[in-house]
Amino acid sequence: MATISDLVQQRLSAERGTVFKQAELAFALVYPSPYHVGMSSLGYQTIYRALNGLAGVSAERAFLPDDAEKARAAGEGLATYESRRPVGDFPVVAFSLAYELELGGLVTCLDLAGIPALAPERALRGPGGGPGGGNHRRRRQPLVVIGGPITFSNPVPAGPFADVMLMGEAEQLIVTLVEAVRDAGEDRDGLLARLAALPGFYVPAVHGERVPAIAAADNASLPAHSQILTPHTELSDMFLIEPERGCHRGCTYCVMRRSTNGGMRLVPPARVLSLIPAQARRVGLVGAAVTDHPGLVTILRGLVDTDREVGISSLRADRLTDEIVGLLKRGGYRSLTTASDGASERLRTLIERKTKERHLLRAAELTRTHGLHHLKLYMMLGLPGETLDDIDELARFGLELARAAPRVVFGIAPFVAKRNTPLDGAPFEGIAEVEAKLSHLRRALKGRVELRPTSPKWAWIEYRLAQGGFAAGHAAAQAARAGGRFGDWRRALSDVDLPPVTHPAAAAAPGTGAPGAAEPAHADGAGLAGPDQLRPPALVQIPSVDRRRTRAIGS
Ligand code: SF4
């Protein structure tokens, strides 16, 4: 039977671009989901390259084991891929956290590494040197750093586990962190006090639950791009590059809207194309609004004319043209995936989603014209103010789409309000309510549109974490240690106060249970238990990747 070391060796030997470096200041870069997810994360790969590019600094990767519960039961340790050094021996352990439910994986990684999960429980010794002595309880404990897409919305539930968090775009913050760690030597209190005074650093022990503003990276550091290619990812052997960052639109549920870090920043097509290695045969264009890039056709043409496969993380229906879909087809697309987000035109207007029925119908026609298999549309159910009339309109329109495209699939996610958006504070509609709407829609569509809903139960947990504070983080630790099943989360969160409903649309009809009302009592998941497994999240959104997990960072 293959051991963990065998598996790691197999994966390493399939990688291209791995950095093997020994340096005075070593970071363990931990992804709290399994390898095949973490290696699809452009942010994770970017920080890996940035750290390894600094003199005197190295970064090695570690991941949540593929079978985390088995690893926990077996008391497996957590070691890095590059050197198999135990993660707990590194002076700095940095996590990339993309999605609320990864908090369970983060706690499991800390437990497996033998690092006290809660920041105050960690030893007082500083982060500047090598591993500690033989006495485990008195050894130097690593500085635990957390960053990643979660910091764009609500990093507070991760606060109890972090010594420091990097808020937002981390390309320059990570360099500042390295300098501060070096300067601080053994003085961890001094280090944290210094970082807490700098923009972009959230030190929960100092700031409490008041989160500082997110940082923006210098435009000169764009575009982010892959360091390591491997066939063992969700995006097999795909070289990822970010031709734009941010979005100039204003959808009210999205943290990547135009008010975030100055909106959309563009990278010229020539620069994008120049960074793609000759041997990369598959290229993924990653960003919140890639199809809004005015040079998209030039980039696509440059890729398909050199016989590369392409993927785009976000196809905006109102930008799809015959030329773009033709290029995507040449680049290997077999289906078209875009988003409508609101169930009806009325809701789309309310949430400032500009997509109209005519854009979606055009996408359906282009799917047929270019011989693609199907059109997939992502949308949310349970937006504030949504009624069954909206669901009926969605059903009527779904049937119309099904006549225009060879096949239609709806990917449906329950709406989860995120911090740092205009819809922050809107309630979760309720598990039973969302399930009832799904059943209504399924009946009305008569099997002519395939529905692929994500679990309302897990969306409820995501909501509690997305809107929660430190107490939600403690509940995540409890749930992870109990096994991480839905029932474990429900029990753990049952002691945590529900977040207050603060959004005006939500407060408009208190206590009625109708859409837009305060959260119904049973929305806390009471009486529910199920076998749903925690699906690992992904940072980037490529058509083949479950989009539910990237809702907060754009579509
Ligand atoms: S949902 Fe998409 S289009 Fe809307 S603001 Fe976010 S990234 Fe932009």
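The values are calculated or read from the model by the stated rules, or taken from the named source; none is laboratory data. As the structure is a prediction and not an experimental result, all values here were calculated from the model. As a convention, Cβ positions derive from the backbone with ideal geometry for all residues, glycine included, and neighbour counts pool all protein chains shown. When the accessible area is computed, the model is the full protein with side chains, heavy atoms only, and any ligands, DNA or RNA have been set aside. Shrake-Rupley method; radii C 1.70, N 1.55, O 1.52, S 1.80 Å.
Can you find a residue in region 300-309 that is more than 12 Å from the ligand (Cβ to nearest atom) and without any contact (Cβ under 8 Å) to a residue 12 or more places away in the chain? Scanning region 300-309 turns up at least one residue that is more than 12 Å from the ligand (Cβ to nearest atom) and without any contact (Cβ under 8 Å) to a residue 12 or more places away in the chain. If the condition is being touching a Lys or Arg at 6+ places or on another chain (Cβ under 8 Å), more than 19 Å from Ala471 (Cβ to Cβ) and open to solvent by less than 10 Å² (accessible area, probe 1.4 Å), then region 104-118 contributes Thr108, Ile115.
Comparison of Arg85, Arg72, Arg122 shows that the only residue that is open to solvent by less than 20 Å² (accessible area, probe 1.4 Å) and over 18 Å from Leu166 (Cα atoms) is Arg122. Scanning region 49-60 for residues that are crowded, with 23+ Cβ neighbours inside 10 Å and either of a type in the set (Lys, Arg) or touching a residue at least 40 places away in the same chain (Cβ under 8 Å) (or both) yields Leu51, Ala59. Scanning region 184-205 for residues that are free of Cβ contacts under 8 Å to residues at least 60 places away in the same chain, surrounded by 16 or more Cβ atoms within 10 Å (Cβ to Cβ) and not in a strand (DSSP E or B) returns Ala184, Leu192, Arg194, Leu195, Ala196, Gly200, Val203. So, in region 343-366, of the ones that are open to solvent by less than 40 Å² (accessible area, probe 1.4 Å) and either free of Cβ contacts under 8 Å to residues at least 40 places away in the same chain or aromatic (Phe, Trp, Tyr) (or both), which residue ends up nearest to Leu423 (Cα to Cα)? Here the residue is Arg348. For region 338-345, does any single residue satisfy the condition of being part of a loop (DSSP other than H, G, I, E, B), of a type outside the set (S, T, N, Q) and under 29 Å from Gly468 (Cβ atoms)? Yes, there is a match, as at least one residue in region 338-345 is part of a loop (DSSP other than H, G, I, E, B), of a type outside the set (S, T, N, Q) and under 29 Å from Gly468 (Cβ atoms). In the set (1) touching a strand residue (DSSP E or B) at 6+ places or on another chain (Cβ under 6 Å); (2) over 22 Å from Asp163 (Cβ atoms); (3) buried (at least 24 other Cβ atoms within 10 Å of the Cβ), Ala28 fails one condition alone, (2). Scanning region 310-327 for residues being more than 16 Å from Leu240 (Cα to Cα), more than 16 Å from the ligand (Cβ to nearest atom) and open to solvent by less than 30 Å² (accessible area, probe 1.4 Å) gives a total of 4. Considering only residues that are open to solvent by 30 Å² or more (accessible area, probe 1.4 Å) and in contact with a His (Cβ under 9 Å, 6 or more places away or on another chain), look in region 241-268 and name the one that is farthest from the ligand (Cβ to nearest atom). For region 241-268, the residue satisfying everything is Leu266. Across region 144-183, the number of residues qualifying as surrounded by fewer than 21 Cβ atoms within 10 Å (Cβ to Cβ) and of a type in the set (Ser, Thr, Tyr) comes to 1.
This table checks each residue for (1) touching a Pro at 6+ places or on another chain (Cβ under 6 Å); (2) polar (S, T, N, Q); (3) in contact (Cβ under 8 Å) with a residue 12 or more places away in the chain.
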position: Ala216; (1), (2), (3): no, no, yes
position: Glu234; (1), (2), (3): no, no, yes
position: Glu242; (1), (2), (3): yes, no, yes
position: Ala278; (1), (2), (3): no, no, no
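Of all residues in region 342-387, those being away from the ligand (no atom under 15 Å from the Cβ), touching a Gly at 6+ places or on another chain (Cβ under 7 Å) and more than 17 Å from Gly250 (Cβ to Cβ) number 3. For Phe470, the criteria (1) under 24 Å from Ala317 (Cα atoms); (2) open to solvent by 10 Å² or more (accessible area, probe 1.4 Å); (3) in contact with an Asp or Glu (Cβ under 8 Å, 6 or more places away or on another chain) hold in every case but one, which is (1).
If I ask for residues that are small (Gly, Ala, Ser), more than 16 Å from the ligand (Cβ to nearest atom) and either open to solvent by 10 Å² or more (accessible area, probe 1.4 Å) or in a helix (DSSP H, G or I) (or both), which ones from region 270-294 would you list? Within region 270-294, Ala270, Ser274, Ala278 qualify. Name the single residue, out of those in region 490-505 being touching a Pro at 6+ places or on another chain (Cβ under 7 Å) and not in a helix (DSSP H, G or I), that is modelled with the highest pLDDT. Out of the qualifying residues, it is Val501. I'm checking my understanding of the structure. Among residues of region 224-254 that are of a type in the set (A, V, I, L, M) and at pLDDT 95 or above, which one is nearest to Phe152 (Cα to Cα)? Of everything passing the filter in region 224-254, Ala224 is nearest to Phe152 (Cα to Cα). If you go through region 228-240 and pick out every residue that is within 19 Å of the chain's Cα centre (by Cα) and either within 16 Å of the ligand (Cβ to nearest atom) or polar (S, T, N, Q) (or both), you end up with 2. For Lys457, the test of being open to solvent by less than 50 Å² (accessible area, probe 1.4 Å), farther than 27 Å from Ala117 by Cβ and of a type in the set (D, E, K, R) is failed.
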